[in-house]
Amino acid sequence: MQKGNIGVTTENIFPVIKKFLYSDHEIFLREMVSNAVDATQKLKTLAQQGEFKGELGDVTVRVALDKDKGTITISDRGIGMTEEEIDKYINQIAFSGVNDFLEKYKDNANNIIGHFGLGFYSSFMVAKKVEIITKSYKDGAKAVKWSCDGSPAYEIDEAEKADRGSDIILYVDDDCKEFLEKEKIQQLLNKYCKFMAVPVAFGKKQEWSSEKKEMVDTDKDNVINDVEPLWTKAPSTLKDEDYNSFYRTLYPMSDEPMFWIHLNVDYPFNLTGILYFPRIKSNLDLQRNKIQLYCNQVFVTDQVEGIVPEFLTLLHGVIDSPDIPLNVSRSYLQSDREVKKISTYITKKVSDRLLSIFKEDRKAYEEKWDDLKLFINYGMLSEESFYDKAKEFALLKDVEGKHFTFDEYKTLIEANQKDKDDQLIYLYATDKEEQYSYIQAAKDKGYSVLLLDGQLDVPAIQMLEQKFEKSRFTRVDSDIIDRLIVKDDQPKSNLSDNDSANLSQVFKSQMPKMEKTEFMVEVQSLGEAQRPVVITQNEWMRRMKDMSRFQQGMNFYAQMPDTLNLVLNSDHRLVKDVLSTINSELSTELQPIESELKGQEARLAAIRQQQEKKKPEELTQDDKDMKSECEKAIEEQKQKKNSVLNGFAAKNDIIHQLIDLALLQNGMLKGEALDKFLKRSVDLIK
């Protein structure tokens, strides 16, 4: 028997392995099975090269649980090890100490991977004792047993083993007993080993026993993996159903994908894989972490932000590359030039695939656009280089459901939708039903209206305004139709300032009190055919509030109230009737007030003109008091006038009806207010 200490000068190497090298305990099983697969593949290679002339036979890697003994055993029929090889590859962890180890590899954990033995030592994350019973494939080799209890001390002794290969026996520690549960091991094997290149068996397949009334083991191995997953095969040999079937294997509960890209490159790096385009319409965060990263068919991670551009994390599928630098636990990607090359390549392949689909079958592409739009918008917003490619296949859809490329739509609207400053105005709606009347008003003018109802359409608008020359996006309900695209011939109100002020006041006084909502009232000449009252919301302010949901630092916009404009059409007969009633019914009351108001305003103007000739320090207290008294008198007359107008408005059903119609059109009339509107509507019909 040989005894000794593992080649380190400190007893702290095992805590370092547990805490520094491996952040996630469960990956021990991946490392153990992966080592067994590697040993098997090395034997296959030797056989191909003629260096091993024996029979390969069954090369299945087997994982076995013994709950009573508290062990997990991983067995292979690979190359095995001699006593000298154990000493070389297992015992010699060639670090002078923990501190040197940490210092040497703190910035480049990638280098550790090539160091024999460290993958094996992940077993000590869950085991209090580990045994290796191994026999080399070489002629005349003797079986040996290595054991270690988690300290630097180990023992090597002769052993009985009839066959080549290795059995790794893990005596599971008391604080890791969950790894002795069959369901747990099955879950981990399914996660990490599902596509390893050598068959991996865990127990036997089961079938129902009518005699025992339970599931019982058969004599067939329960092989948990597919040794030739789809991405390792030539695309020319595969059919659509193969890709769809593989997708169902990866994501059993998902809808079928729209289409896919089969990656296969061997220069300047090795990379294979299949990326699927899922049907995504909203909820970005729920779609992430769906791409699985493999290294030689061994699962590494589904957090691929380091190798795949952020917008491509919305895709599903598999990427497999031995050239992706990983840390020793194979769980995190290192940012380096090779990763950036791979990222650029994947972006290019995705762009090329989308462009080819668009060109080959535009109709089918347009049918998928609602599912694709979120993904493409995300890409254009987050990757400058992607926009340069995507502008060829990104689409705009109008409210009629017709699709246009950016250039096609510009050609469509540039003759009719330029304003007086030669800006091209892209009109859009976000909801065809809620904004129907605004859309119709725009269409009546001969304008085209886009439908931008996607989750990322608001930030996409901001981006496109920067990309398109002399262009602006405006929502159809952000202003009255004649001010959406301002031409030179703007209509002027035909009312006097006093009539406009009176109309504004009677409507403003009856506007409902709504939380975080303010109403401004204005009078405009819109034409007899237009609606009597229209509610609009400023494009810029609404957009800032929408953007605050996407960008940090814009929360103050979200806290600001919605400012809505109630626009009164002075040309409409109902608004004219309200004004006529004001002038006929209130003239006796209002005339003396307005006369006094005009007199006080004229007096204030004279006072200001006189006082403007003096310097501030030359103004006497009498001067200040005179101005203050005049301003107070004006305010009193205004309040008096507003009181008369407000009293009139409170009893006028037409004013309330017009306001409620405008609110109803915008989905803002609810509850008691809606009930009052319905009752009033019935009364007015009488």
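The values are calculated or read from the model by the stated rules, or taken from the named source; none is laboratory data. What you see is a predicted model, and the numbers here were worked out from it, not measured in a lab. Note: ideal-geometry Cβ built from the backbone for every residue, glycine included; neighbour counts use all protein chains shown. SASA here: full protein model, heavy atoms, side chains in, ligands and nucleic acids out. Shrake-Rupley method; radii C 1.70, N 1.55, O 1.52, S 1.80 Å.
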Is one or more of the residues making up segment 523-538 open to solvent by 50 Å² or more (accessible area, probe 1.4 Å) and either under 22 Å from GLN423 (Cβ atoms) or among the aromatic types (Phe, Trp, Tyr) (or both)? yes
Only one residue in LYS410, LYS391, LYS432, LYS445 is closer than 27 Å to LEU669 by Cα and open to solvent by 60 Å² or more (accessible area, probe 1.4 Å). Which one? LYS432
So for segment 627-645 (the condition being of a type outside the set (S, T, N, Q), open to solvent by 50 Å² or more (accessible area, probe 1.4 Å) and not in a helix (DSSP H, G or I)), does at least one residue qualify? no
Within segment 390-406, the count of residues that are in a helix (DSSP H, G or I) and free of Cβ contacts under 8 Å to residues at least 40 places away in the same chain comes to 1
PHE375 versus (1) open to solvent by 10 Å² or more (accessible area, probe 1.4 Å); (2) touching a helix residue (DSSP H, G or I) at 6+ places or on another chain (Cβ under 9 Å); (3) assigned to a helix (DSSP H, G or I): which is the lone unmet condition? (1)
If we keep just the residues of segment 296-313 that are aliphatic (A, V, I, L, M) and touching a Leu at 6+ places or on another chain (Cβ under 7 Å), which is modelled with the highest pLDDT? VAL300
Being open to solvent by less than 100 Å² (accessible area, probe 1.4 Å) and part of a helix (DSSP H, G or I), is that true of even one residue in segment 249-262? yes
Suppose the filter is among the aromatic types (Phe, Trp, Tyr) and at pLDDT below 60; does PHE116 pass it? yes
Take the residues in segment 448-472 that are open to solvent by less than 20 Å² (accessible area, probe 1.4 Å) and small (Gly, Ala, Ser), then tell me which one is modelled with the highest pLDDT. SER471
Restricted to segment 558-616 and to residues being in a loop (DSSP other than H, G, I, E, B) and open to solvent by less than 70 Å² (accessible area, probe 1.4 Å), the residue modelled with the lowest pLDDT is PRO561
Picking from ASP453, ASP488, ASP477, the residue that is more than 25 Å from ASP421 (Cα to Cα), in contact (Cβ under 8 Å) with a residue 12 or more places away in the chain and not in a strand (DSSP E or B) would be ASP453
When the residues of segment 158-182 are filtered to those that are over 27 Å from LEU56 (Cα atoms) and among the charged types (D, E, K, R), which remaining residue is surrounded by the fewest Cβ atoms within 10 Å (Cβ to Cβ)? ASP174
Sort out which residues of segment 132-143 are assigned to a strand (DSSP E or B) and either open to solvent by 10 Å² or more (accessible area, probe 1.4 Å) or at pLDDT below 90 (or both), and write them in order of number. ILE133, LYS135
Any chance segment 55-77 includes a residue that's at pLDDT below 90, open to solvent by 70 Å² or more (accessible area, probe 1.4 Å), out of contact with any helix residue (DSSP H, G or I) (no Cβ under 6 Å at 6 or more places or on another chain) and over 30 Å from GLU183 (Cα atoms)? no
I'd like to check something: does segment 661-675 contain any residue that is exposed (fewer than 14 other Cβ atoms within 10 Å of the Cβ), touching a residue at least 60 places away in the same chain (Cβ under 8 Å) and not in a helix (DSSP H, G or I)? yes
Counting just the residues of segment 184-237 that are hydroxyl-bearing (Ser, Thr, Tyr) and in contact (Cβ under 8 Å) with a residue 24 or more places away in the chain, which one comes out most open to solvent (accessible area, probe 1.4 Å)? THR232
Give me a count of the residues in segment 508-521 that are over 13 Å from ILE659 (Cβ atoms), open to solvent by 50 Å² or more (accessible area, probe 1.4 Å) and part of a strand (DSSP E or B). 2
Condition check for GLN505: in a helix (DSSP H, G or I), buried (at least 18 other Cβ atoms within 10 Å of the Cβ), more than 37 Å from the chain's Cα centre (by Cα) and in contact (Cβ under 8 Å) with a residue 12 or more places away in the chain: yes
Only residues in segment 341-370 that are closer than 30 Å to ILE324 by Cβ and modelled with pLDDT of 90 or more count as the first member; pair them with residues that are among the acidic types (Asp, Glu) and open to solvent by 20 Å² or more (accessible area, probe 1.4 Å), Cβ under 6 angstrom, at least 6 apart or cross-chain, and list the lot. LEU355/GLU392
Which one is least open to solvent (accessible area, probe 1.4 Å), of the residues in segment 677-686 that are without any contact (Cβ under 8 Å) to a residue 12 or more places away in the chain and of a type in the set (Lys, Arg)? LYS679
Evaluate the following for SER448: is it in contact with an Asp or Glu (Cβ under 7 Å, 6 or more places away or on another chain), within 24 Å of PRO278 (Cα to Cα) and of a type in the set (S, T, N, Q)? no
Does segment 158-170 contain any residue that is among the polar types (S, T, N, Q) and at pLDDT below 95? no
